[in-house]
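*Asks:* I am attaching a structure below and will ask some questions about it afterwards.
The values are calculated or read from the model by the stated rules, or taken from the named source; none is laboratory data. As the structure is a computational prediction, the values presented were derived from the model and not from experiment. Cβ atoms come from the backbone with ideal geometry, glycine included; neighbour counts cover every protein chain shown.
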Amino acid sequence: MRPFHAWSLVLVTCIISMYMFSLAGATDASTGTTDDSSVVPTATLSNGLVIPLVGLGCASGVRKSHVLSALEAGYRYLDTAQAYQWGYHERDVAAAIAESPFVTRQEIFVVTKIHPENLGVTSTRRAIEGSLQQAGFGGYLDGILIHKPRCWPGACSKDPEGTWQESWKVLEEYYDKGLVKAIGICDVDNERMLDELMQQRIPPHIIQNWFDPFHQTHDIRQAIQAKGILFQAYSTLGTQWKHFRGLDQNPVLTSTTLTDMAHRHGVPGPAQVVIQWAVNKYGISVLPASTNPQRQADNLHASFSFVPMNEQDFEVLDQMDGTAPAPSRPDPNQVAMTFTTTTRRQEEEVVQAFWVDEDGQEVPVGTIEANRELNMNSYHGHAFVFRSSAGKLLLEHTVSRNGGRKQTVVVGDGDNDEEEL
Ligand SMILES: NC(=O)c1ccc[n+]([C@@H]2O[C@H](COP(=O)([O-])OP(=O)(O)OC[C@H]3O[C@@H](n4cnc5c(N)ncnc54)[C@H](OP(=O)(O)O)[C@@H]3O)[C@@H](O)[C@H]2O)c1
């Protein structure tokens, strides 16, 4: 059983009791679209800004009309990005803010993200300037996040000119100028990166990672929250499993356990119990995307208007971590690799294999004995280096799914004699 972390409950209780307020009150009551009983918890960022813990995700088909309906329903936090390739329409979000009769610009917290192909000082500056020029944003942004800390094969249309660290300095520059009110980054999945972020002149206010009942990543979430950074979840309703993890159905929205729990609480569906659990138990900021006005309103209001879930309910969700069904179709990025050595290598020579991690560190993953193989499941874009026992570089190899689902690579003597079979 997962250990109970009393501190997290204390943190969440403080957040909720100190900052609960009704977003519904900000909308025109005469429209009848708000629910006065709903109270959306808020959080305070490390720089003192107060934000609602439920925002609208503006990917997954969300266009201008959907942002308009969300603003009418009471949403005051919008999460967009510059990556139109990944389903975002930043211009639609800006246009909706400008057109909405329900809110002023100042009432909204709008966040955009820098595409990883624009990492590097000049590109990031240019990218931020582009977003600042969207008329509906009124010349400032409430938040800017680095969308991904690096490119990977197929993700970027050009090689980035620099690194996330260089882009971070630019985010700090715009924060200093007051043109951006909070800064952050997505996909911080290891403590080394978190430590590096904490050493920046202005550490992140927000870190956005994938989090849903089947993918809870407790260690890094706790580490992030312990540093006073807002942990913000993307794809909390399970979309990642369907689009990127080879599942035919979204395991969160089709979970019978969650559907039963929702019925028991008299709420429309699993989304409500997932949202209340993430927000009330862990103080996580969630960004459910929806193109449907009713579901938008349910996610914002019905998730909090029912009798609060108890610790037994929470425990059921906690226990779902790591239990997603096996993929019905293979992960398109997975490649079964066999690494072997040339027969001309000396019998006694052992080849050391290393995976090159996101920070360029060489992580040992095994050895290849003479006339033996090293087999492993790897992924498109993973980089490896192979060294002799004396440390001589024999081969660098990046896995590509284009070579087929099973590949064999022969490690030679370091004379560019890589061979893929
Ligand atoms: N930083 C990153 O790399 C990253 C990656 C992914 C996402 N994000 C952000 O996180 C946001 C949310 O993630 P996501 O878009 O992947 O998906 P999500 O929020 O997990 O799920 C969205 C899907 O769930 C459906 N849905 C929403 N509310 C529902 C409800 N109450 N009942 C039933 N179905 C419901 C929506 O369909 P309908 O439209 O039909 O309601 C939509 O297709 C994104 O929009 C984006 O802003 C960031």
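*Asks:* Which residues, counting only those in the stretch 62-113, are within 30 Å of CYS151 (Cβ to Cβ), surrounded by fewer than 20 Cβ atoms within 10 Å (Cβ to Cβ) and among the aliphatic types (A, V, I, L, M)?
*Replies:* ALA95
*Asks:* Here's a follow-up. Tell me whether the stretch 101-120 contains one or more residues that are closer than 17 Å to ASP176 by Cα and among the acidic types (Asp, Glu).
*Replies:* no
*Asks:* While we're here: Taking into account only those residues within the stretch 270-305 that are outside any helix (DSSP H, G or I) and surrounded by 18 or more Cβ atoms within 10 Å (Cβ to Cβ), which is farthest from the ligand (Cβ to nearest atom)?
*Replies:* The initial filter retains those residues of the stretch 270-305 that are outside any helix (DSSP H, G or I), namely 283-292.
Remaining after also requiring surrounded by 18 or more Cβ atoms within 10 Å (Cβ to Cβ): 283-290.
Values: GLY283: 18, ILE284: 12, SER285: 10, VAL286: 8, LEU287: 4, PRO288: 4, ALA289: 3, SER290: 3 Å.
Within the stretch 270-305, the match that is farthest from the ligand (Cβ to nearest atom) is GLY283.
*Asks:* Are any residues in the stretch 57-95 on the phi > 0 side of the Ramachandran plot and either within 7 Å of the ligand (Cβ to nearest atom) or touching a Lys or Arg at 6+ places or on another chain (Cβ under 9 Å) (or both), and if so, which ones?
*Replies:* Here is the first cut: in the stretch 57-95, the ones on the phi > 0 side of the Ramachandran plot are 60-61, 74, 87.
Matches in the stretch 57-95: SER60, GLY61.
*Asks:* Scan the stretch 365-387 for residues that are outside any loop (DSSP other than H, G, I, E, B) and at pLDDT below 85 and jot them down. Steps first, answer last, please.
*Replies:* Just the residues of the stretch 365-387 that are outside any loop (DSSP other than H, G, I, E, B), to begin with: 365-368, 373-379, 383-387.
Matches in the stretch 365-387: ASN377 only.
*Asks:* Could you please find all residues in the stretch 195-212 being part of a loop (DSSP other than H, G, I, E, B), more than 15 Å from the chain's Cα centre (by Cα) and farther than 19 Å from GLY48 by Cβ?
*Replies:* GLN199
*Asks:* Do we have TYR174 as in a helix (DSSP H, G or I) and of a type in the set (Phe, Trp, Tyr) here? Break it down stepwise before answering.
*Replies:* Details: in a helix (DSSP H, G or I): yes; of a type in the set (Phe, Trp, Tyr): yes.
When the stated conditions are applied, TYR174 passes them.
*Asks:* From the residues in the stretch 139-195 that are closer than 17 Å to ASP357 by Cα and among the acidic types (Asp, Glu), which one is nearest to the ligand (Cβ to nearest atom)?
*Replies:* ASP187
*Asks:* Looking only at the stretch 289-335, filter to residues that are touching a residue at least 40 places away in the same chain (Cβ under 8 Å) and among the charged types (D, E, K, R); which one of those is nearest to TYR379 (Cα to Cα)?
*Replies:* ASP331
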